[in-house]
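A short write-up of the structure that comes next.
The values are calculated or read from the model by the stated rules, or taken from the named source; none is laboratory data. Keep in mind that what you see is a predicted model, and the values were worked out from it rather than measured. Don't worry about glycine lacking a Cβ; one is built from the backbone with ideal geometry, like all the others, and counts go over all protein chains shown. Quick note on the areas: whole protein, heavy atoms, side chains included, nothing else; ligands and nucleic acids left out. Shrake-Rupley method; radii C 1.70, N 1.55, O 1.52, S 1.80 Å.
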Amino acid sequence: MKTILVLFGGCSTEYDVSLQSAHAVLTHIDRQLFTPLTVGITRDGRWRFYTGAPDDIAADRWEPSCVPCTLSLDRGDWALLLLDGSRRRLPFDAAFPVLHGKNGEDGTLQGLFELAGVPIVGCGMLSSALCMDKDRAHKLAALAGVRVPKSAVFSRGAAEAAVIAAAAQLGYPLFVKPVRSGSSFGITRVTEAGQLSAAVREAFANDREILLEEAVPGFEVGCAVLGTEALTVGLVDEIELSQGFFNYEEKYTLKTSAIHCPARIAPEKAEEIRQTARRIYRALDCKGFARVDLFLTPAGDIVFNEVNTIPGFTAHSRYPSMMRGIGIGFSELITRMIRTEVTEG
């Protein structure tokens, strides 16, 4: 029996999504194989040891029944330290961050655990940081021979005239994005020049660098990838949009959009997408699991979008659905994710 430190919450705009994902993980983890040691991180960064019901996490009423805690990260002697005066040490065998966005999915938390040699369920520090950075991820994918959208990057304080000129060169419609953000926070689809200034302000509110990116025609497809050495790739899925783009609200409510799994494409094209996802996964040094998102154009071209190193595990989440499509149920999926890092004794 291995003890797995499961972390949720965090100082991120995606705090609420993390609660739903953590609830799903904790209610499906095989407790005959693993004992979860659950830690919630509040919106303002306080660490709390949680022993209550998973349903209270989903409802965001978990914090009152917690004990302040911190980590002891001496190499080979990892433990959760309770700060309630008891001086209790709760050892663990691996860490499973179930956090989304900044301060959880971006390599910061992964770096903390790597410094101490703690096995991490999922991607490590380097791949997490690279995949969170849309510009640098695109550059590496392009070097691996994958087509990427045309774009321009600007830092805070950039001249407005330069941004306007870059947008004109890319052409409208285009997207304005924070370079480092998740769940479509701070992203705006801009259809004409008059909308550009507000979109730039919104993107800079989420990061110090922004990306102007061409709108790729077609639709978005995704691939769930599992493993480190040998890779398992799930079904390809397809996002059908009735309007706009796949923003935060649509990702978690599906009010006006639909997800088709498998995607409504030819088997040969689906296999090409899976092979492209593998290439991107390797190029960005991913391990454990990740979801690779791409565009499929009307001409049949595959264009890289982004990699989510901790994809959502909510009721609407795509990653578990893609794996379920090849016969891997949610509980088995979690077991396989953990076993990638922890060898059962």
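Give the separation of the Cα centroids, region 85-145 to region 1-62, in Å. Spelled out, the Cα-based centre of one part sits 16 Å from the other. If only the Cβ of Lys and Arg carry +1 and only the Cβ of Asp and Glu carry -1, the dipole of region 134-188 around its Cα centre is close to 220 debye. Summing Cβ point charges (Lys, Arg +1; Asp, Glu -1) relative to the Cα centre of region 47-162 gives a dipole of roughly 380 debye. Applying the Karplus relation 6.51 cos²θ - 1.76 cosθ + 1.60 with θ = phi - 60° to region 124-134 yields 3J(HN,Hα) values of x, 4, 5, 5, 4, 5, 5, 6, 6, 8, 4 Hz, where x marks Gly and Pro.
In order along region 212-225, the Karplus-derived 3J(HN,Hα) couplings, from 6.51 cos²θ - 1.76 cosθ + 1.60 at θ = phi - 60°, round to 9, 9, 4, 7, 7, x, x, 9, 8, 10, x, 9, 8, 10 Hz, and Gly and Pro are given as x. Between region 192-228 and region 285-306, the C-alpha centres lie 14 angstrom from each other. From most to least packed by mean Cβ count within 10 Å, the peptides 293-305, 206-218 give 206-218, 293-305.
For T38, enumerate residues with amide H under 5 Å from its amide H, sequence gap 5+ or separate chain, H modeled in the peptide plane. Amide H neighbours of T38, under 5 Å, 5+ apart: V6, Y50.
How big is the antiparallel share of DSSP beta bridges in the chain, given as a percent to the nearest 5? Antiparallel bridges make up about 80 percent of those DSSP assigns within the chain.
Mind running the shape call on region 1-135? Use the C-alpha gyration tensor, a ≥ b ≥ c as the square roots of the eigenvalues: rounded below 1.5 for a/c, prolate if a/b tops b/c, oblate otherwise. Rounded shape, in that the Cα axes give a/c under 1.5.
Ranking L99, A144, L112 by Cα position along the charge dipole of region 73-164, where only Lys, Arg, Asp and Glu carry charges on their C-beta atoms, puts A144 farthest toward the positive end. Normalised by the number of residues in region 1-150, the mean separation of alpha-carbon contacts (under 8 Å, six or more apart) gives a relative contact order of 22 percent. For K2, the aspartates and glutamates whose Cα comes closer than 15 Å to its Cα, not counting residues fewer than 8 places off in the same chain, are D30, D77, D93, E341, E344.
Working note: Karplus 6.51/-1.76/1.60 with θ = phi - 60° gives region 327-340 the couplings x, 9, x, 5, 5, 5, 4, 4, 4, 5, 4, 5, 5, 4 Hz, where Gly and Pro are set to x.
The relative contact order of the chain, computed from alpha carbon pairs under 8 Å that lie at least 6 residues apart in sequence, is 17 percent. Per-residue packing, averaged as other Cβ atoms within 10 Å, sorts the ranges 321-331, 2-12 into the order 2-12, 321-331, beginning with the highest. If you average the sequence gap of Cα pairs under 8 Å that are 6 or more apart and divide by the length of region 46-92, what percent do you get for the contact order? Across region 46-92, relative contact order equals 29 percent. Proximity of backbone amide H atoms, modeled 1.01 Å from N, is registered between G122 and F289 at under 5 Å, excluding neighbours fewer than 5 places apart on the same chain.
Cross-linked pairs K139/K177; K102/K177; K102/K139; K102/K134: Cα-Cα separations exceed 18 Å for K102/K139. Packing, as the average of other Cβ atoms within 10 Å across residues, places the peptides 167-175, 230-238 in the order 230-238, 167-175, highest first. In the assembled protein chains, H260 presents an accessible area of approximately 50 Å² (probe radius 1.4 Å).
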